[in-house]
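So the structure is just underneath, and the comments pick up after that.
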Amino acid sequence: MSRILVTGSLGLIGGACSRYYLERGHEVVGVDDDHRSTFFGEDASVSDELTVMSDYNSYEHEWVDIRSKRISDLVKEVDLVVHCAAQPSHDWAYQDPRLDFDINASGTLNILESVREGNPNAMVVYMSTNKVYGDRPNYLPLVEEETRYSHEDPSYGVPEDMSVDSCIHSVFGVSKLSADLMVQEYGKNLGIRTASLRCGCLTGQSHKGAELHGFLSYLSKCVKNGTPYRVFGHKGKQVRDNIHADDVASIVDTIFQDEGCYGEVFNIGGSFNSNISMLEAIDWFENAFGKKLSYEILDENRTGDHIWYISDMSKFQGRYPDWKYGYSHQDLMECFCK
């Protein structure tokens, strides 16, 4: 039996990882102070998820900020830190760049240094983001089709060695990249077992989607409830790959079992298993709910926003060939209709 520390334990990925380990008999210490409600309002609060976690006797909750000195005490007796807590929004970061950087970069450094000083045998798996590549993917050879953009090579996915330089990053992308690089450094230089997961769109039925974060969850609610929706540029043809939170949890555990993982980076996403454009997603949910969505497509694109992004999972799947997706594209979409 292992003892796992999960930051952001009431959120989408943190919750999935917590349940994954709890259901397998492990102890989980959850850290979450519901900053999400500060970022996106009470409708996006995750505090009610504590009721779900309280059903597990081996779950302990700490209402702690990841920048707190309390973290150094919490990491001392754990085998794994799954670091999911973050300011997660590309758009929100412009409202307060200092806070965004402090949480995403400094908070991550606090966790890493706490592990190095107090429990160097523990592993840290960090939820990074595809936004670390800035708008570099927009310079790929893309083809405009009727409902989406595609890469001219239908087998191409974005690899881990894509450059992060000479491109426009969002403020959020910079703070997450800073943390990503530090996680790598603690693995490659300071001897801590670490991994950075550069994730595409993460989703699942428990996602508390808001306009600025969690597009499938938020879009499904807008169609279902008749709420007007705004599409930010790219003619609504922008493409994202989507992976279910439960699949991410199984990826985390797969990496945790690898004792030779020091500072590795993996692109994680739905890849060719599950991807969709905005127009295609709108059409899918309209058909699923039998309702038409009132929406507008804005002319202005979000700074640094990807036109097309599909993850190349070959590095991860080559290293861990036994891992398989648990959710097909259809399964993933249908989870929002229950």
Query raised in the report: Angle, helix 245-256 long axis vs. longest principal axis of the chain, Cα atoms, 0 to 90°, nearest 10?
Result: 40
Report task. Give the Rg/Rh ratio for segment 193-338, taking Rg as the radius of gyration of the Cα atoms and Rh as the Kirkwood radius, to two decimals. Result -> 1.01
Report summary line: Charge tally for neighbours of Thr254 with beta carbon under 11 Å away, counting Lys, Arg as +1 and Asp, Glu as -1, is -2
**Report entry** Burial order of peptide ranges 277-290, 177-190 (average beta-carbon count within 10 Å, highest first)
**Finding:** 177-190, 277-290
Report summary line: For Tyr325, the residues 5 or more places away or on another chain with a placed amide H closer than 5 Å to its own amide H are none
Query raised in the report: Per residue of the chain, what 222 nm ellipticity follows from adding -39500 (n - 2.57) for every DSSP H run with n ≥ 4, rounded to the nearest 500?
Result: -9000 deg cm²/dmol
Query raised in the report: If you count, for each residue, the other Cβ atoms within 10 Å and average over each peptide, how do 203-209, 78-84 line up from highest to lowest?
Result: 78-84, 203-209
**Report entry** Rounded, prolate or oblate (a/c below 1.5 giving rounded, otherwise prolate when a/b exceeds b/c) for segment 255-311 by Cα gyration tensor
**Finding:** oblate
Query raised in the report: In sequence order, what are the phi-derived ³J(HN,Hα) couplings for segment 46-53 according to the Karplus relation 6.51 cos²θ - 1.76 cosθ + 1.60 with θ = phi - 60°, rounded to whole Hz, with x for glycine and proline?
Result: 10, 4, 5, 5, 5, 4, 5, 5
Query raised in the report: Relative contact order for the chain: what is it in percent, counting Cα pairs under 8 Å that are at least 6 residues apart?
Result: 19
Query - In order through segment 290-298: 3J(HN,Hα) via Karplus (6.51 cos²θ - 1.76 cosθ + 1.60), integer Hz, x for Gly, Pro - result: x, 9, 8, 9, 8, 9, 10, 9, 6
Query raised in the report: Which angle between 0 and 90 degrees, to the nearest 10, do you get for helix 278-289 versus the longest principal axis of the chain when only C-alpha atoms count?
Result: 90
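Compute the convex hull volume of the Cα atoms of segment 3-337, divide it by the residue count, and report the result per residue in Å³ as a whole number.
Numbers: hull volume 42.7 nm³, N = 335.
Given the Cα convex hull of segment 3-337, per-residue volume reads 127 Å³.
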Query raised in the report: Using modelled backbone amide H atoms (1.01 Å from N, in-plane), which distant-in-sequence or interchain residues come within less than 5 Å of Val158's amide H?
Result: Ile310, Ser311, Asp312
Query raised in the report: If each Cα of segment 59-205 is one equal point scatterer, what is log10 of I(q)/I(0) from the Debye formula at q = 0.12, 0.13 Å⁻¹?
Result: -0.57, -0.65
**Report entry** Crossing angle, helix 215-225 versus the chain [Cα axis fit, 0-90 degrees, rounded to tens]
**Finding:** 60
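So what is Rg over Rh here for segment 216-299, counting just Cα atoms and using Kirkwood for Rh?
Working: Rg = 16.9 Å, Rh = 15.0 Å.
Rg divided by Rh gives 1.13.
Please identify every one of the chymotrypsin sites (Phe, Trp or Tyr not before Pro) in segment 52-124 that sits in a loop by DSSP and has no more than 14 other beta carbons within 10 Å of its own beta carbon. Numbers along the way, then the final one.
Numbers: sites: Tyr56, Tyr59, Trp63, Trp92, Tyr94, Phe101; in loops: Tyr56, Trp63.
Here the sparse-neighbourhood loop sites are Trp63.
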Requested in this report: Sort out for me the Cα centre separation of segment 137-204 from segment 213-263, rounded to whole Å.
Outcome: 14
**Report entry** Whether segment 1-118 is rounded, prolate or oblate, judged on the alpha carbon gyration tensor where a/c under 1.5 counts as rounded
**Finding:** oblate
Query raised in the report: Karplus couplings for segment 180-197 from phi (6.51 cos²θ - 1.76 cosθ + 1.60, θ = phi - 60°), rounded to Hz, Gly and Pro as x?
Result: 4, 5, 5, 4, 4, 5, 5, x, 7, 10, 10, x, 9, 5, 9, 8, 10, 9
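Every number here is computed from the coordinates shown, using simple stated rules; none is lab data. Note that the structure is a prediction, hence the values are computed from the model and not measured. Methodologically, a virtual Cβ is constructed for each residue, glycine included, from the backbone with ideal geometry; neighbour enumeration extends over all protein chains shown.
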